[in-house]
Structures are given as structure tokens and as C-alpha cells.
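**Q** Sharing a structure, written as C-alpha cells. Questions coming.
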Amino acid sequence: MTVDIRVVRAGQMYRYYLRQTVVGDGRRPARTPLREAQEQAGVPAGRWMGRGLAVLGLTPGEEVTEAQLRNLFGDRGRHPYADRIEADLLAKGDSPKAAFKDGALGRSVMVTGVDFVFRPQPTIYLLWALGGEETRRVIEAAHERAIERVLEWIEDEVAVIRYGKDGSYRVRPPGGLVAARFRHYEARSGMPLLHDHLLLSVKGQRLDGRWGSIHTLALHENTVAASALYNEIVAAEVCEALGLATEPRIVTAGRRPVMEIAGVPHELIRWTSRRSDQIAACLAELEHEYVTAVDDDGELKFLPVVSERARAKLNGMAARKTRPPKQKTLPLAQLRAWWKTSAILTSGVAVDVINSLLEYARAAAAAIRARIAAVVDVALAAVDVTATVFVMNGGGRFHRRHLLAEARRHLALVLRGRRSDPGLDEMIVAAAISTYCLDISEPKTVRGLESDYRLYTARWALSDFPGRPRPPTPAPDPDRQPPADPG
């Protein structure tokens, strides 16, 4: 996935985000003003996003200040201008209690937001790092437009405010949401990694004007669909602007292919993956400890097979255990010069390929577009999406969001970097549900009556699929090249 999510608690804003995230994950010097620290780190200022800015007196693209972050994310969800509001009311003679209340956005909360991290596929940020200045600007613009589109989708289709007894009532925030975006240029290893942190506030306004908190679980549940939407949009924007195309590559044995920019050598991805190799090695050790762990009676504590959920948790543990300290940040121009020199000296890719990476990618794109037509058949896509989700869930139950994420993956595979018609993913999902899915929801529960939480299964069983012997899985080879585009 290219979109990660984690919750933001009030204390974390002070301990981590205001010290590191807002300055490119570096170490902010003590008593250094925020904008000065960002200039020293060579990263741009944070910018406000979201349709909910107007009611708070903010505008899209406005610079994010430290006081605004402290109020909205650090002080349990207060107005970004809470200090100013309280001072004005106190000057008019209001009591401190009333002034404090007017500076709040509803009830105080401990979880003040969520941190979405958006990063494009490796071949895209490699073109961004090693290409020319115009290529860099195009990719950054595509990256920003994809983030904006995902945020709009979250506002319209995902975010809900819970209120009433036990949160039984749910409503979309009609005025939209508020988010602060921060740009980073590199990974902790010093390798290129264009990515943005989007700090999304949990505060939203209901129809009656009162402030409530959005349900963070819904954001977590839709992260895969958000990642698929981001990938589809950023690839289409980059490919259309630069004349490129995507191709499926099997990066990890036994896992599904990912869509990468055709013509960008896989050796360059290996050049940037030092940190991934460290995490993979640590993950293998943790998985071995997991499947061999025993209790006091000598019985296995866990299942002998690592589930996907357990693997995700172990992967997070491996990432934290192998996390190196961030190196001193440099201006982007110096980073790009260093990256190109390092790639030429250590990646094993020919110098002329690195210097003409965009031209090689365009040549590969021309060959793909000449032999592969981008034809989306909604009926066939519905079959493919339903079958894939059904099998990936072990022949069990799934929700609409699983179909939506798979529909977006299907479009990315078929279109090869071309833009899709608006709403095409929703059309595929609607066709899949109406034709190939059975609704097995439990209408007794309030959640079971909501469209986002209706349970489905396919109109067939796993036994209906013909069994085919699988070839033995080869041992992983760190220097293995991905197969050619299967067409």
C-alpha cells in the first residue's frame, strides 16, 4: 500500500509531530520558530486543505502555523485561533470559563486526528528524484492533486460523525473536513522518497452546527480503498502529462503484482530499498519467534501460520526496531544531485539510462500503448472483482469497500496509466453487487443497516472453481528481476 494511517493523540503533537514531522522528520532545534526550522531543514511550510476550512477562518493553501497545530491537534481539538478568540472575549469582560468554552470545537478529545502518509510508487518517485526539473514539478503536482482527490472522497463517502446514545446516529460532515499537509523528500536511509503527511482533524460540524468527532475506525477500514484511488490518480496524472505507461511487476514472490512505470529499471528500486531489506530481515526473525513461541506448559501460544493481521503488526514492530536516526537534512537541489551521483556509482544501471530515464520510459510506454488497448468492460470487471475479493477473503464475507478497492486495482491494471471515466469504479462495484453478490447482513443491528457495513458473499462457492496444481514457490532471491510485462 502507498497510503499509511495512524492516529494522532494530543501528547504526540508535542512529543513527535512538532519536533520532527513538521520539519521533514529531522530534529527541530529547541526554541527555533517553526518556519525558520523548516527553512533550515529544506522543506516547505505546511499547507491547509479541506472543505471545512472556511468555517474556521482558514483558506486552502494557507501556511500552517505552530499555534494552529497546538490548538487543533495538541489541545484536545480546539479552534485553530482559540488563543485569539479567548483573548477577545476576555477583553470584552467574559469569564475565563465562558471564553475557554467558546474556543473549543465541541467536546475535548484525546485522539485529535489521524496521520495519512501518501507516497507514490517507487518508479514514480525515482523519476522525480533523477529526472529533470520539469519532470519533478509534474510529479509533485500530480501527487498533490491525487491527495486532494482522496481527501474529497473521504469527505463525501467515508467520514461520519457519531452522536447520540452509543453513537447510534451517524452523519457525513456537510461542511467537509480540515487537514494540514507537510511535504517530505527523503527516507530515513537518505534515499529519495517523496511523501506527504496529511494530518486530518477529527473535528467536523453537523447539520445543526454543533461540533462532533469523526469515527476514526471508518478511516482505518477504508485505507486500502484510499490507497488504490491515490495510486490510480497519481499514475494517470503522471503518465498523461509525461507520455508514460504503467506495467504490472511481481515484486514479492507469492504476492500480487504492483503497477509501476514501464521502462524504469528494477535495479534502481533495489538501489533505494536498503531500509526495506533491513525490515524484511527483522520481520523474518519475528515471524520465526511468533510461530515457535510456547507458553509455560510447552504448548504453542499462536497458530503455526502467520495471519495477514499478525504479519501487519509484526511488520510494524520490525520497522520500529530497525528505524535509524534521521540524517541531517539538505536542500532538495543538493539531495537530487547526490541521489544521481549515488545511483550512477552504486545502482549498477548504465549512466546513459540514468541520465535519460524519462526517454527510456517514454519508449517503453509507446510499445505498451501500441499493443495493449485500454478497454474497460464493466460486466467482465464485475466478475473479476467479485471473484478476486471472494477468493482473497477465503471464500467468506466482505464489505463494499473491499469491492471498491479491487475495482480501482482492476482499472489501474487495464488502463495502464490512462485516465478512467469519473465514477467508473462505482459502476463496477454496483454491477458486482447486483449480479454476483448475496447480501447476508444482519438487519437487527444499526450498523448492519448502513450501506458501508452491509455484508456480502459471492453467489458461488470455492468448490465451484476448478482446482489447478500450483508450481512450487521458488526461494526468494534479493537480486531477482521482475518478469517482463505479461501484456
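The values are calculated or read from the model by the stated rules, or taken from the named source; none is laboratory data. Remember, predicted model here, so these are calculated numbers, not experimental data. Here the Cβ is made from the backbone with ideal geometry for all residues, glycine too, and neighbour counts use every protein chain on show. Areas reflect the complete protein model, heavy atoms only, side chains present, ligands, DNA and RNA absent. Shrake-Rupley method; radii C 1.70, N 1.55, O 1.52, S 1.80 Å.
**Q** Long-range amide H contacts for Gly113: which residues qualify at under 5 Å (H placed 1.01 Å from N, peptide plane, sequence gap of 5 or more or a different chain)?
**A** Val8, Val202
**Q** Within the stretch 55-78, name every residue whose backbone N is under 19 Å away from a label modeled 7 Å from Cα of Lys92 along the Cβ vector.
**A** Zone members listed by number: 55-58.
**Q** Testing the spin-label approximation: label points 7 Å from Cα along Cα→Cβ at Arg255 and Leu345. State their distance in nm.
**A** Going from the Arg255 label point to the Leu345 one covers 3.1 nm.
**Q** I want to check the label-to-label distance for Arg397 and Glu240. Put each point 7 Å from Cα in the C-beta direction and report it in nm to one decimal.
**A** So the two model labels end up 3.9 nm from each other.
**Q** List every DSSP H helix in the chain whose Cα atoms extend 24 Å or more along the helix's own long axis and whose mean Kyte-Doolittle hydropathy is at least -1.0.
**A** In the chain, the long hydrophobic H runs are 133-153, 223-242, 274-292.
**Q** Aspartates and glutamates within cross-link reach of Lys165: Cα-Cα under 20 Å, excluding same-chain residues under 8 positions apart?
**A** Lys165 reaches Asp208, Glu450.
**Q** Over the stretch 348-457, give the accessible area per residue in Å² for a 1.4 Å probe, as an integer.
**A** Result: 49 Å² per residue.
**Q** Order Val376, Val8 by their accessible area, 1.4 angstrom probe, all chains in place, largest first.
**A** Ranked list, largest accessible area first: Val376, Val8.
**Q** Then there is this: Shape of the stretch 312-438 from its Cα gyration tensor (a ≥ b ≥ c, root eigenvalues): rounded if a/c is under 1.5, otherwise prolate when a/b > b/c, or oblate?
**A** Oblate, because a/c is 1.5 or more while a/b does not exceed b/c.
**Q** Using a/c under 1.5 as the rounded threshold, could you call the stretch 67-223 rounded, prolate or oblate? The axes a ≥ b ≥ c are square roots of the C-alpha gyration tensor eigenvalues, and prolate needs a/b larger than b/c, oblate otherwise.
**A** It is prolate, given that a/c is not under 1.5 and a/b is the larger ratio.
**Q** Another question about this same structure. Compute the accessible area per residue over the stretch 177-231, keeping the other protein chains in place, probe 1.4 Å, unit Å².
**A** On a per-residue basis, 24 Å².
**Q** Taking a virtual spin label 7 Å from the Cα of Ala337 along the C-beta vector, which residues in the stretch 118-142 bring their backbone nitrogen under 17 Å of it?
**A** Residues 129-133 fall inside that zone.
**Q** Can you give the helix-only mean residue ellipticity at 222 nm for the chain, where every DSSP H stretch with n ≥ 4 adds -39500 (n - 2.57) and the sum goes over all residues, rounded to the nearest 500 deg cm²/dmol?
**A** Value at 222 nm, helices only: -13000 deg cm²/dmol.
**Q** At 4 °C and 1.567 mPa s, grab the translational diffusion coefficient of the stretch 165-316 from Stokes-Einstein with a Kirkwood Rh over Cα pairs, rounded to a whole number in µm² per second.
**A** 65
**Q** Then there is this: Please compute the per residue accessible area over the stretch 45-109 with all protein chains in place, 1.4 Å probe, rounded to a whole number of Å².
**A** 52
**Q** Additional query: Going 7 Å from the Cα of Asp83 in the Cα-to-Cβ direction, what parts of the stretch 33-69 have a backbone nitrogen less than 20 Å from that spot?
**A** 33-39, 45-48, 56-59, 62-69
**Q** Reported to two decimal places, what Rg/Rh ratio describes the chain when computed on Cα atoms with Rh from the Kirkwood expression?
**A** That ratio equals 0.98.
**Q** Computed FRET efficiency, Cβ-Cβ of Met110 and Arg210, R0 25 Å: what is it to the nearest 0.05?
**A** Given R0 = 25 Å and the Cβ-Cβ separation, E is 0.80.
**Q** With a 1.4 Å probe and all protein chains left in place, how much of the accessible area of the chain comes from carbon and sulfur atoms, in whole percent?
**A** 54
**Q** Here's another thing I want to ask about it. Under the definition of Cα pairs under 8 Å and six or more residues apart, what whole-number percent is the relative contact order of the chain?
**A** 16
**Q** Given a 1.4 Å probe and the protein chains all in place, what does the accessible area of Trp153 round to, in Å² to the nearest 10?
**A** 10
**Q** Between Met1 and Glu450, with labels modelled 7 Å along Cα→Cβ, what's the label distance in nm to one decimal, could you check?
**A** Inter-label distance under the simple model: 1.8 nm.
**Q** Now for a different question. Pop the C-beta distance of Ala280 and Ala430 into the FRET formula with R0 = 60 Å and round what comes out to the nearest 0.05.
**A** The pair Ala280/Ala430 has a calculated efficiency of 0.95.
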